Every structure is written in C-alpha cells, then in structure tokens.
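Chemist: Below you will find the structure I want to go over with you.
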Amino acid sequence: MKLKLSKAIIENIVSTIINFVEKKDNSQITSHILIEANENIIFKATDKEFGIEYVDNNSKIIQKGSTTINGKRFYEIIKALNDDFIELEINDDIATISQNHSIYKLPTFNAKEFPLFPEITQLNKISINSNNFIEGLKKIFPVIDNNNPKYELNGALLDIQQNSLNLVSTDTKRLALYSIQENIEDETQIIIPKKAIAEIRKLFNENFEIYFDNINLIIKSNNITFFTQLINGKFPDYKRIIPTEYKYILDINKVNLIKALKQINIISEEVKITINNNLLELESISEETLEAKTDIEIESDINNFIFAVNSRFILDFLNVIDDDKIELCLNEENIPFTLKNRDFQTIIMPITIWYNYIKKVEIKKEINVWI
C-alpha cells in the first residue's frame, strides 16, 4: 500500500479519531488505527466499546491495500512534519512515513485482525431532525451521572414513542427531559453512554442518520460513521417523577437569575430562595459566619414561599438555554420544582433545611433523591 496524504487533511482526521484508540497498552491492536485504501481512504479506530470511521476523499492512492499503524505515534509524527504532502508506504509489515528528508518507520499489525464494526444493514433506522437531536443531547448532558453503581444512570435514555422522542438523564437529584416531536412509528428505549454522547456532540453538526439495535447505536454522516455499544439495563420510570400540574408558574429573567446565583456562589453553592410578592430573594446557606444576600424583581403574588437548592443545578439549566426567560414551576416548598423552556425541562429535588435558633444559622441536610 502506498498513499500520498495532505498534511492538513490527515492531521485533522487523526486528531478527530485519536480519542478512540487504546492508549495504555501498545501491544493491543486497538492502540492502532486501521487504514484501508480502495476506492477512497478509510481510517478506523476503536476501543471495542465505541469506534469511528472517517472517509478521506482528497488524498491520493498510489497503491491499494490496508494496514494498521500506532495511533499515538502516527499523530505525533504528523504534527511534527511540515505543511506539505506526506507519503505512507507499507512493506514487510513496516509502515514508512516520509516527507522530504524526514523518514519514520513503525511496525504494523495484520489489518485482518482489526475488530469488526457493526453493519448498518442489520440495524433499525430512526428518522429524526439532526439539529434537534444534537440540541437535546447538549441540554441533558450536564445531568448525566458519573460512576453511579446503577450503571444505567451513567448514560441518557432515548425513549422512542409514536410521533415523539424523549431524551432523558438523571443523577438522582434532578432529571432533565428534552422532547422532540417526530413522525416515528417504532416504540423502544435505548441507553447511550455519557462518553459516547460527549463524542457525538463533538463529531456531528450536520445532517446524519441514526441506526440502532439492542446492542449498538450508529450515527452516520457523509464522511464520518460513529458507533457505540449501548448500556444494558432498565432506566428508571422517569414519567412518574414529572408533575402533571403546578400551583405556581413564574417567568424569570435568565440573565438576572444567573447574575444573582453567581453572587451567592462566592460564599456558598447552596442557596435559600424566598419568593416574597415581586421579589425573588436569594441567600447563602452556610454553617460559617459568612453570608451573602441579593434579590431580583419578578411578577408574582406569592408570599413567603421558601425552598433551598444547589445553585449549580439551576445554572446547568440556564447555561444551555438561549431564550431570555424561563419558567419556574412550583407546588409545595419541600418537593421537587421544575425549570422549563420550550421543549426542555429539568425537575430538581430541593435541599431540606432546618433552623438552629441558638446559633442563628441554617444547617443543610443531604439533598433528597428519588431513584
């Protein structure tokens, strides 16, 4: 096999797929990138749990063939070379990378031993607007849990229903839900790992197709095909957590609320919120003598409604919202409340607080969980 590669193009491709190779053990074939040159040049990388295929239509094939090459070394060599064409040639299981007077030689593995990728032809297809799907992943991503012993919570639920699709995540203290209205006939649920969602958000910003079965999810665009193994488990029944009605729904200015929460965060991440008629009063919760208070104006006729919350949960919601206003939906003081904006909502479990009247301070308990 012999290829003439554009430095700029190949560096962009390898920088994209390098996250998918095995980095700790160079003796494994998954530490290598598979390169196949036939009608065009295809680069593949995988750690077996998820993988990527990238098609290069711009470089020149001098001699067809296939090989593997250590991904980390290959990337370091490409970055070190000048902005000019690079030649890659395979002879006797040795890859020779050359540019002018610079020559590198690396060992290869047998390309036939590289792990197989799942085939699209064997999977179901979802017809969904690509922009809506990526927007939904962006919004629910901060609420996906990390290293939860309930493995199914370390991913996001794709709940496919007739004429709609829900993207759902939870860390047991809050639940994020993004709803997409689509003409879908199938009904099923799959759980996508958090690591895979992070890569999907980086890889895709154009039209793509989605395929799945009980084991794998594949996303395919013009030049990139990504696959991930799905999480095998049963996601909690999220619908029982979502309130069907609210006593109070308040419109809150996003910018004002972000500014107020950041002011309180200087002292404490936990904040007590009091609604007194046309004021939303915010106060730090701390066992120390430090204190922070501020307020913002709202339109409300509620008097002395008090709840406490981890301010990061609210900020995570506000930071993925584009509109100027959001809805704060309330029922009782010590039960979950909801933040809403269009097709996105987050239900948050409040902190239970009690008062030590001798010390005149508030003591916070653990945040309740519902799962």
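The values are calculated or read from the model by the stated rules, or taken from the named source; none is laboratory data. If you're wondering where the values come from, they're calculated on a predicted model, not measured in any experiment. Using ideal geometry, Cβ is built from the backbone for each residue, glycine included, and neighbour counts are taken over all protein chains shown.
Chemist: What single numbered condition from (1) surrounded by 17 or more Cβ atoms within 10 Å (Cβ to Cβ); (2) modelled with pLDDT of 95 or more; (3) charged (D, E, K, R) fails to hold for Lys364?
Modeler: Answer for Lys364: the failing condition is (2).
Chemist: Could you list, in sequence order, all residues of region 31-68 that are buried (at least 22 other Cβ atoms within 10 Å of the Cβ) and among the aliphatic types (A, V, I, L, M)?
Modeler: Ile33, Leu34, Ile35, Ala37, Ile41, Ala45, Ile52
Chemist: Let me ask you something else. Kindly indicate which of Ile266, Ile296, Ile258, Ile314 is out of contact with any strand residue (DSSP E or B) (no Cβ under 6 Å at 6 or more places or on another chain) and farther than 28 Å from Thr170 by Cβ.
Modeler: Ile266 is the lone residue from the list that is out of contact with any strand residue (DSSP E or B) (no Cβ under 6 Å at 6 or more places or on another chain) and farther than 28 Å from Thr170 by Cβ.
Chemist: Only residues that are surrounded by 15 or more Cβ atoms within 10 Å (Cβ to Cβ) and in a strand (DSSP E or B): list them for region 80-97, please. Reasoning before the result, please.
Modeler: Filtering region 80-97 down to residues surrounded by 15 or more Cβ atoms within 10 Å (Cβ to Cβ) leaves 81, 85-90, 95, 97.
Across region 80-97, the qualifying residues are Phe85, Ile86, Glu87, Leu88, Glu89, Ile90, Ala95, Ile97.
Chemist: Within region 325-352, work out how many residues are touching a Ser or Thr at 6+ places or on another chain (Cβ under 6 Å) and not in a loop (DSSP other than H, G, I, E, B).
Modeler: The number of residues fulfilling the criteria is 4.
Chemist: Report whether or not Ile285 is assigned by TED's automatic domain parsing to the domain that holds Glu333 and surrounded by 17 or more Cβ atoms within 10 Å (Cβ to Cβ).
Modeler: Taking the combined requirement at face value, the residue satisfies it.
Chemist: In addition: Looking at this structure, is Leu157 surrounded by 12 or more Cβ atoms within 10 Å (Cβ to Cβ), in the same structural domain as Phe43 (by TED's automatic domain parsing) and in contact with a Ser or Thr (Cβ under 8 Å, 6 or more places away or on another chain)?
Modeler: So Leu157 does not fit the description; no.
Chemist: Given the residues Leu290, Leu217, Leu280, which is the only one that is over 30 Å from the mean Cα position of the chain (by Cα) and either part of a loop (DSSP other than H, G, I, E, B) or within 30 Å of Ile120 (Cα to Cα) (or both)?
Modeler: Leu290
Chemist: Tell me which residues, restricted to region 298-310, are in contact (Cβ under 8 Å) with a residue 40 or more places away in the chain and in a strand (DSSP E or B).
Modeler: Phe305, Phe307, Ala308, Val309, Asn310
Chemist: Testing Ile77 on (1) surrounded by 17 or more Cβ atoms within 10 Å (Cβ to Cβ); (2) assigned to a strand (DSSP E or B); (3) free of Cβ contacts under 8 Å to residues at least 60 places away in the same chain, one condition comes back false. Which one is that?
Modeler: With (1) surrounded by 17 or more Cβ atoms within 10 Å (Cβ to Cβ); (2) assigned to a strand (DSSP E or B); (3) free of Cβ contacts under 8 Å to residues at least 60 places away in the same chain applied to Ile77, the lone miss is (2).
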